[in-house]
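To start, the structure itself, in structure tokens.
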Amino acid sequence: QVQLVESGGGSVQTGGSLRLSCLVSGRSISGYTLRWYREAPGQQREFVAWITSNFNINYVDSVKGRFTISRDNAKNMIHLQMNDLRPEDTAVYYCIWPDNVWGQGTQVTVSS
């Protein structure tokens with residue numbers, strides 16, 4: 001059974017940076033598209049980014065130019081480098097396996 005563990009969240013001021021990581025166990029990630037979603041308090045979960053097995057990438061418009069998704073198949077991990085963070089980026093961030101398996105999430109808080 002696949003399991004995902006997110007890490008790297010924290011509290012930063014506007015303009016700061018964080019690097020999120022997602023470690024996948026139970027299945028090799030090599031052939032799969034993985035996604036980052038986020039959920040802000042009182043709001044619906046929102047797609048953030050995905051990366052395919054051949055390293056094709058897509059982002060939600062609000063993070064383009066600021067966030068970078070990447071994958072390290074040898075380490076069975078994906079990452080989300082977040083730069084120029086804004087208060088509206090405050091949310092719990094999750095990585096998602098294709099069969100809708102979520103990790104526990106990692107909290108990102110951006111203060112103004």
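The values are calculated or read from the model by the stated rules, or taken from the named source; none is laboratory data. Quick caveat: nothing in here was measured; it's all calculated off a predicted structure. Quick reminder, even Gly has a Cβ in these numbers, built from the backbone with ideal geometry, and neighbours come from all protein chains shown. Side chains included, ligands, DNA and RNA excluded: accessible areas come from the protein's heavy atoms. Shrake-Rupley method; radii C 1.70, N 1.55, O 1.52, S 1.80 Å.
Quick look at the numbers
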item: Rounded accessible area per residue of the stretch 56-112, 1.4 Å, Å²; result: 47 Å²
item: Cα radius of gyration and Dmax for the chain (Å); result: 13.1, 40
item: Share of carbon and sulfur in the accessible heavy-atom surface of the chain [1.4 Å probe, %]; result: 45 percent
item: Sequence of Glu88, Glu39 when ordered by accessible area, the most exposed leading, probe 1.4 angstrom; result: Glu88, Glu39
item: Coil-residue trypsin sites (Lys or Arg not before Pro) of the stretch 39-104, DSSP, other Cβ within 10 Å capped at 15; result: Arg45, Lys64, Arg66
item: Label-to-label distance, nm, for residues given as Asn56 and Asp99 (7 Å Cα→Cβ offset); result: 2.4 nm
